[in-house]
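Remarks on the structure that follows.
A short reminder: the numbers here are calculations on the coordinates, not readings from a lab. Predicted model only: the values in this text are computed from it and were never measured. We place every Cβ from the backbone using ideal geometry, glycine too, and count neighbours over all the protein chains shown.
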Amino acid sequence: MPCAITSPKFGLRGLRLARTLHEGFVLTVEPGVYFIPDLIARWTGERRCADFICYDRLHEWSGFGGIRIEDDVLVTAGGPQVLGRPIPKTVREIEEAMRG
């Protein structure tokens with residue numbers, strides 16, 4: 001049965017796994033960021049989470065949409081093992097992939 005984390009800390013409320021991982025478990029790790037105009041306008045007006053959001057630069061990302069990175073990860077005795085083909089994550093890797 002899935003467990004939910006009920007932390008009031010920004011960024012932790014949405015986590016959906018609160019259990020000990022064991023060898024053989026497979027899970028999807030999917031961090032993401034989305035730029036939603038209506039939400040940005042509301043949060044800018046409220047200065048919500050200002051410790052985490054640089055509001056004076058947020059306009060640079062308008063129109064970007066968002067991105068989510070998904071990796072399926074196998075828990076092994078030696079540590080995590082990413083399953084499937086590696087995807088670019090660093091700026092250098094992404095720029096290289098975009099050049100083709």
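Helix-only arithmetic for the chain: the sum of -39500 (n - 2.57) across DSSP H runs with n ≥ 4, divided by the residue total, places the mean residue ellipticity at 222 nm at -5500 deg cm²/dmol.
All alpha carbon pair distances within the chain were sorted into 10 Å bins beginning at 0; the resulting P(r) in whole percents reads 12, 30, 33, 22, 3.
By its C-alpha gyration tensor, with a ≥ b ≥ c as the square roots of the eigenvalues, how is the stretch 41-84 shaped: rounded for a/c under 1.5, else prolate for a/b larger than b/c, else oblate? Cα axes put the stretch 41-84 in the prolate bin. Between 0 and 90 degrees, the angle of helix 37-46 with respect to the longest Cα principal axis of the chain falls at about 70 degrees. Taking a point 7 Å from the Cα of residue 17 along the Cα-to-Cβ direction, the residues of the stretch 52-87 with backbone N closer than 18 Å to it are 68-87.
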